[in-house]
Each structure stands twice: as structure tokens, then as C-alpha cells.
Amino acid sequence: ALGILEERGVEFDVIEYLKEPLDRKTLEGFLAMLPGEPADLIRADDELCPDPGTLDTDGVVDLLLAHPHLMQRPVAILEGRAVIARPFELILELLD
């Protein structure tokens, strides 16, 4: 998947957010750049969050601060725009 970026000569950083958790400001920044609903950044989880669509921005951030593994990934950011790259080819929207 990262090969798409490498083939195009795009420099990128990989943030291992499970090793170094993201803070509230960073998560809020992601949500501000992503199109769609804040809940799109959440993976549904029957126990922790069975219906992410009910969460507003603060709820999404609070959930991800407590359970970072529920974040949809990868999130690609370029020049103030972001996309949840699932499938990874969606990253091409940022590059065009």
C-alpha cells in the first residue's frame, strides 16, 4: 500500500499512534480535515462502540483517546486535506 506513495516519489511520515498516542488537538485536527461525519473515523466495536454514528466530534475524540485502536486507518493528510485511505487507493484523491 505504501508502495503507491513511493512509486510517485511522495515523501511521507508514518505515525505509530498505538506506540505514541495522539492527543486531543491532533485528533480534532484530523476530524476538521476529513470529509464526512466524525464517526467515520471510528471502527465499530460491539463492546466499546456498537453505533459510532451516534457520536459527535467530542464523543469521537473521547473514545479514541481512551481506545486508540478503534481509529480507522490509515489516515492520509496532505496540504490541509485528509482521507481515510480504506481502500488505500483513496489516497490518490489527495495526490491529484
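Using a 1.4 Å probe on the protein heavy atoms, what percent of the accessible area of the range 24-96 belongs to carbon and sulfur? The C+S portion of the solvent-accessible surface of the range 24-96 is 50 percent. The angle between the Cα long axis of helix 24-33 and the main principal axis of the chain comes to about 60°, on a 0 to 90 degree scale. Roughly how far apart, in whole Å, are the Cα centres of the range 1-53 and the range 60-74? A separation of 8 Å, based on Cα centres. A helix-only calculation puts the chain at -8000 deg cm²/dmol for mean residue ellipticity at 222 nm, using -39500 (n - 2.57) for each DSSP H run of at least four residues, averaged over all residues. The slack between Asp51 and Glu6, meaning 0.36 nm per residue of separation minus the straight C-alpha distance, is 12.6 nm.
In terms of the Cα gyration tensor, with a ≥ b ≥ c the square roots of its eigenvalues, is the range 20-72 rounded because a/c is under 1.5, prolate because a/b exceeds b/c, or oblate? Mind dumping the intermediate values first?
On the way: a/c = 1.87, a/b = 1.20, b/c = 1.56.
Here the range 20-72 falls in the oblate category.
Round to the nearest 10 and give me the degree value, 0 to 90, for the angle of helix 57-66's Cα axis relative to the longest principal axis of the chain. Compared with the principal axis, the helix lies near 90 degrees. Protein heavy-atom accessible surface, 1.4 Å probe, per residue over the chain: 66 Å².
Run the dipole for the range 44-96 about the Cα centre, Lys and Arg Cβ at +1, Asp and Glu Cβ at -1, nothing else charged, and hand back the magnitude in debye, nearest 20.
Working: 3 positive and 11 negative charges, 47 e Å.
Dipole of the range 44-96, to the nearest 20 debye: 220 debye.
A Förster distance of 22 Å, applied to the separation of the beta-carbon atoms of His67 and Glu37, puts the FRET efficiency at 0.75.
When the Gaussian network model of the chain links Cα atoms closer than 10 Å, the mean-square fluctuations of Ile84, Ile15, Ile42 top out at Ile15.
Under 5 Å from the amide H of Ile42 lie the amide H atoms of Gln72, each residue being 5 or more positions distant or on a separate chain, with H modelled from the backbone and absent for Pro and chain starts.
Mind listing which GluC sites (Glu not before Pro) in the range 27-96 are in a DSSP loop and have 15 or fewer other Cβ atoms within 10 Å?
Working: sites: Glu28, Glu47, Glu79, Glu89, Glu93; in loops: Glu47, Glu79.
Hits after loop and neighbour filter: Glu47, Glu79.
The simple Förster model, with R0 at 22 Å and r as the Cβ-Cβ distance, assigns Leu90 and Tyr17 a FRET efficiency of 0.70.
The values are calculated or read from the model by the stated rules, or taken from the named source; none is laboratory data. Since we're looking at a predicted model, the values are computed, not measured. Virtual Cβ from ideal backbone geometry, glycine too; neighbours counted across all protein chains shown. The area values use the complete protein model at the heavy-atom level, side chains included, leaving out ligands, DNA and RNA. Shrake-Rupley method; radii C 1.70, N 1.55, O 1.52, S 1.80 Å.
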